[in-house]
Amino acid sequence: MNLYDQRILGIAILCLLGILVTVKRVSTGSILDKPKGNLLVQLVNIFNLFFLLIVNPLAAILLPATN
């Protein structure tokens, strides 16, 4: 028994991602920052951006599609 429908969860993920991007844009003035630091710091930043900008929206789109 599911408490929420997959479509509602997908829409919620996309809305929260939109809010996160808006807050980041307002607070820092940019959505994407150039990574500074050594190679390890840059790899961690790229890994985080990959999940934030690719995996989360993909999961939100696929949730209603699998219903």
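In table form, for the structure just shown:
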{"item": "Pair-distance profile P(r), taking every C-alpha pair of the chain, with 5 angstrom steps and integer %", "result": "3, 16, 19, 19, 16, 12, 8, 4, 2, 0"}
{"item": "Carbon/sulfur fraction of accessible area - the chain, other protein chains in place, 1.4 Å, %", "result": "72"}
{"item": "Folded to 0 to 90 degrees: helix 39-50 orientation relative to the chain principal axis, Cα", "result": "30"}
{"item": "Average accessible surface area per residue within the chain, 1.4 Å rolling probe, Å²", "result": "82"}
{"item": "Per-residue HN-Hα couplings for region 15-29 [Karplus 6.51, -1.76, 1.60; θ = phi - 60°; Hz; x = Gly/Pro]", "result": "5, 5, 5, x, 5, 4, 5, 5, 5, 5, 5, 6, 7, 10, x"}
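The values are calculated or read from the model by the stated rules, or taken from the named source; none is laboratory data. Because the structure is predicted, anything quoted here is derived from the model rather than measured. Each accessible area value is taken on the protein alone, full model and side chains, heavy atoms only, with ligands, DNA and RNA left out. Shrake-Rupley method; radii C 1.70, N 1.55, O 1.52, S 1.80 Å.
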